[in-house]
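Undergrad: Quick one: structure below, then a few questions.
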Amino acid sequence: MSPGGPRHPSDAEREREAIEVLERCVRAAGEEDEAALAACYAEDAVWLAEDGIVTGAQAVARRHLALAGGARWDPPQQHGSKAVLRFRREVAIGYVIPGALVVEARRGRIVFAAVL
């Protein structure tokens, strides 16, 4: 790559670009807002889970809400365009199930999510 030519963004630049969509995603999931959550995912987003792969923003948003809709979410733990989104979902009084997603954001949308 030439000194004056295009360059790849730094991790810090990728992190700044991604944080907005990550925060919107956490908020939409906590509010169980499927339309707002789908808007956080790219049209060709991929959801990787133990039971298989799901693709597409709407399908991924539905899967996301089925896993953790209404959960309490921690702030994203982030490095560059990648992040861990941790949640806690109360399933009975005093019984909380923790969980997490690993996600990658590109150009203002989440392109990949995997259940931990």
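The values are calculated or read from the model by the stated rules, or taken from the named source; none is laboratory data. None of the values given here were measured: they were computed from a predicted structure. Neighbour counts are summed over all protein chains in view; Cβ atoms, including those assigned to glycine, are modelled from backbone coordinates with ideal geometry.
Undergrad: Considering segment 77-106 alone, what residues qualify as being within 20 Å of Ala59 (Cβ to Cβ) and either among the basic types (Lys, Arg) or touching a strand residue (DSSP E or B) at 6+ places or on another chain (Cβ under 6 Å) (or both)?
TA: Leu85, Phe87, Gly99, Leu101, Val102, Val103, Glu104, Arg106
Undergrad: Continuing with the same structure: Search segment 83-95 for residues being modelled with pLDDT under 95 and among the β-branched types (Val, Ile, Thr), and hand back the single one that is nearest to Leu116 (Cα to Cα).
TA: Per the stated criteria, the residue is Val91.
Undergrad: Let me ask something else about it. Does Ala100 qualify as being among the hydrophobic types (A, V, I, L, M, F, W, C), more than 26 Å from His8 (Cα to Cα) and touching a helix residue (DSSP H, G or I) at 6+ places or on another chain (Cβ under 7 Å)? So that I can check it myself, show each step before the final result.
TA: Numbers: among the hydrophobic types (A, V, I, L, M, F, W, C): yes; more than 26 Å from His8 (Cα to Cα): yes; touching a helix residue (DSSP H, G or I) at 6+ places or on another chain (Cβ under 7 Å): no.
No; evaluated as a whole, the condition is false for this residue.
Undergrad: Which numbered condition trips up Ala49, out of (1) at pLDDT below 95; (2) crowded, with 16+ Cβ neighbours inside 10 Å; (3) closer than 14 Å to Val103 by Cα; (4) among the hydrophobic types (A, V, I, L, M, F, W, C)?
TA: The failed condition is (2).
Undergrad: Take segment 64-102 and flag every residue that is aromatic (Phe, Trp, Tyr) and either touching a Pro at 6+ places or on another chain (Cβ under 9 Å) or exposed (fewer than 12 other Cβ atoms within 10 Å of the Cβ) (or both).
TA: Here is the first cut: in segment 64-102, the ones aromatic (Phe, Trp, Tyr) are 73, 87, 95.
Across segment 64-102, the qualifying residues are Phe87, Tyr95.
Undergrad: Continuing with the same structure: Looking at Ala29, Ala36, can you tell me which residue is under 23 Å from Arg88 (Cα atoms), part of a helix (DSSP H, G or I), more than 12 Å from the chain's Cα centre (by Cα) and of a type in the set (A, V, I, L, M)?
TA: Ala36
Undergrad: Specify the residue that is nearest to Ala114 (Cα to Cα); the eligible residues are those in segment 39-82 that are over 12 Å from the mean Cα position of the chain (by Cα) and polar (S, T, N, Q).
TA: Thr55
Undergrad: Any chance segment 18-26 includes a residue that's of a type in the set (Asp, Glu), over 13 Å from Ala113 (Cα atoms) and either in contact with a strand residue (DSSP E or B) (Cβ under 7 Å, 6 or more places away or on another chain) or crowded, with 17+ Cβ neighbours inside 10 Å (or both)?
TA: Within segment 18-26, the first condition is being of a type in the set (Asp, Glu), and the residues that meet it are 20, 23.
Adding the requirement that they be over 13 Å from Ala113 (Cα atoms) leaves 20, 23.
Next, from what is left, pick out any that are either in contact with a strand residue (DSSP E or B) (Cβ under 7 Å, 6 or more places away or on another chain) or crowded, with 17+ Cβ neighbours inside 10 Å (or both): none.
For segment 18-26, residues of a type in the set (Asp, Glu), over 13 Å from Ala113 (Cα atoms) and either in contact with a strand residue (DSSP E or B) (Cβ under 7 Å, 6 or more places away or on another chain) or crowded, with 17+ Cβ neighbours inside 10 Å (or both): absent.
Undergrad: Are there any pairs, at least 6 apart or on different chains, whose C-beta atoms fall under 8 Å, with the first in segment 23-39 and of a type in the set (Lys, Arg) and the second assigned to a helix (DSSP H, G or I), and if so, which?
TA: Within 8 Å, the pairs are Arg24/Ala36; Arg24/Ala39; Arg24/Cys40; Arg27/Ala36.
Undergrad: Please enumerate the residues belonging to segment 80-115 that are on the phi > 0 side of the Ramachandran plot and free of Cβ contacts under 8 Å to residues at least 12 places away in the same chain. Walk me through it before giving the result.
TA: Filtering segment 80-115 for residues on the phi > 0 side of the Ramachandran plot gives 80, 94, 107-108.
Listed by number, the list holds a single entry, Gly94.
Undergrad: Can you name the number of the only condition in (1) charged (D, E, K, R); (2) modelled with pLDDT of 95 or more; (3) crowded, with 18+ Cβ neighbours inside 10 Å that Glu43 fails?
TA: (3)
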